[in-house]
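First the structure, in the form of structure tokens, and then the observations on it.
The values are calculated or read from the model by the stated rules, or taken from the named source; none is laboratory data. Note that the structure is a prediction, hence the values are computed from the model and not measured. Every residue, glycine as well, gets a Cβ built from its backbone with ideal geometry; the counts of neighbours run over all protein chains shown.
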Amino acid sequence: MKLVLVLNAGSSSVKFALIDVDHYGNEQDIARGAVDGIGQTSRWNVHRSDGVMNSETTIKDGIASNHKEALSHIVTWIDKNYGLTSLAGAGHRVVHGGAHFTKPVRLTAENIEALRKLVPLAPLHQPHNLAAIDSLTDLAPTLPQIACFDTAFHSTIPDVGREFALPRSITALGVKRYGFHGLSYSYIANELANKNPELSKGRVLVAHLGNGASLCAMKEGKSIATTMGFSALDGLMMGTRTGSIDPAVIFYLMRDQGMSADDIETLFYQKSGLLGVSGISNDMRTLREAAHNNRHAREALELFTYRIIRDAGAMIAVLGGIDALVFTAGIGENDRQLRADLIRGLSFMGFALDEAANAGKKRKISGEVGPVALVIPTNEEVMIARETAMLIDCKHK
Ligand code: AMP
């Protein structure tokens, strides 16, 4: 038995999970929680599920002015409740592994420096991931730390699916498609291999539809194409992100509207997508409610749906057909209306919806003929725990 501390550090939050991975590779949640609002009014919440105390939630205000204080709070809580010696290691979600890191890696001083060099490729995410790594190194210097990458699963995409139509000198700078949400896709690939082994060998399109959204075309369990690109801004329309947009819009906004690169970055990452088009919210539930009597909410939902169908068509072409479509993440797992609309939109591929199964929260929501449609909840934390445990074991052999 080993407890793995899983860390996912964002700009204003550090989420954590404590997961028990046994010798057979089975995982069990011990606790999940987060420090939110770092640098502002920070809050702490934790949910224990180890049977000692079911569903405990505590909230305290103003406990963390930076990532190190947030981590310190988490580490102190773990020490008090389980003892730090119960930890076998920590696994970090790291957004960017660049071209070099195509598998999870033990964090050494050298590897941390290599990850720091990738900050320009993911300036909004990588610095926070590194802040958590640096802080934990200070707080628990002997604890093995592993980096698990959102990009790694896509290292199997062939060059032709990776390169932009740019001069080679620019491509050589690393300006190419990396793809993201890889930990989620990797989890889904594992789930398929375990529970639908025949399908997992085929042509599968996975739709990770949450606040961030992307598609991944998988053949034999490996990524061969994805909608996100150089950054997590590309591809589908998202909660607050534009997704793909004609790059000439940037020149126009800069030259004719006097916007700076920073202004446009904020516009594209934080003020666009469902939020921008609806003018109401980035939250799917809010928009479904509002759509009854608000045209902009309806149009935002229509555009979101349209963009997924359009890009799904491209992914299916790359796959050369489709055997299975998998829905996952907050929207994919919960919004049955969207799933129904997407399956209807893809009916030209032979998809048929089983309406009762779709409404009844079943895993298989397609009819008896045509490609299969499945709903599979993702679990990126378990994937990180699994990768971390495997790497720690390997290192001890
Ligand atoms: P994630 O980023 O995976 O946590 O997903 C967040 C998105 O999932 C938000 O847009 C939520 O509105 C959406 N979501 C969560 N629960 C539901 C639900 N029951 N119905 C529709 N959308 C949901």
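Among the residues of the stretch 352-365, is there at least one that is modelled with pLDDT of 95 or more and within 14 Å of the ligand (Cβ to nearest atom)?
Yes: the stretch 352-365 contains one or more residues that are modelled with pLDDT of 95 or more and within 14 Å of the ligand (Cβ to nearest atom).
Need pairs with beta-carbon distance below 8 Å; first residue under 14 Å from VAL318 (Cβ atoms) and within the stretch 143-160, second modelled with pLDDT of 95 or more and of a type in the set (Gly, Ala, Ser); sequence gap 6+ or separate chains.
Hits for this filter: HIS154/GLY179; HIS154/GLY182; HIS154/SER223; THR156/SER223; ILE157/GLY179; ILE157/SER223; ILE157/ALA225.
Could you count how many residues in the stretch 338-353 are in contact with a Ser or Thr (Cβ under 8 Å, 6 or more places away or on another chain) and buried (at least 17 other Cβ atoms within 10 Å of the Cβ)?
7
Looking at THR378, THR305, can you tell me which residue is of a type in the set (Ser, Thr, Tyr), part of a loop (DSSP other than H, G, I, E, B) and either closer than 29 Å to PHE149 by Cβ or within 16 Å of the ligand (Cβ to nearest atom) (or both)?
Just one listed residue meets the conditions, THR378.
How many of the residues in the stretch 317-332 are within 14 Å of the ligand (Cβ to nearest atom), in contact with a strand residue (DSSP E or B) (Cβ under 6 Å, 6 or more places away or on another chain) and outside any strand (DSSP E or B)?
Qualifying residue count, the stretch 317-332: 3.
May I ask you to verify whether THR305 is touching a His at 6+ places or on another chain (Cβ under 9 Å), buried (at least 16 other Cβ atoms within 10 Å of the Cβ), among the hydroxyl-bearing types (Ser, Thr, Tyr) and at pLDDT 95 or above?
Judged against the criteria, THR305 is not a match.
Looking at (1) within 19 Å of HIS181 (Cβ to Cβ); (2) assigned to a helix (DSSP H, G or I); (3) within 13 Å of the ligand (Cβ to nearest atom), which is the only condition ALA312 fails?
Among (1) within 19 Å of HIS181 (Cβ to Cβ); (2) assigned to a helix (DSSP H, G or I); (3) within 13 Å of the ligand (Cβ to nearest atom), the lone unmet condition for ALA312 is (3).
Scan the stretch 250-262 for residues that are free of Cβ contacts under 8 Å to residues at least 12 places away in the same chain and surrounded by 14 or more Cβ atoms within 10 Å (Cβ to Cβ) and report the count.
Matching residues across the stretch 250-262 total 2.
Tell me, yes or no, whether the stretch 269-291 has at least one residue that is among the polar types (S, T, N, Q), within 29 Å of GLY221 (Cα to Cα) and buried (at least 17 other Cβ atoms within 10 Å of the Cβ).
no
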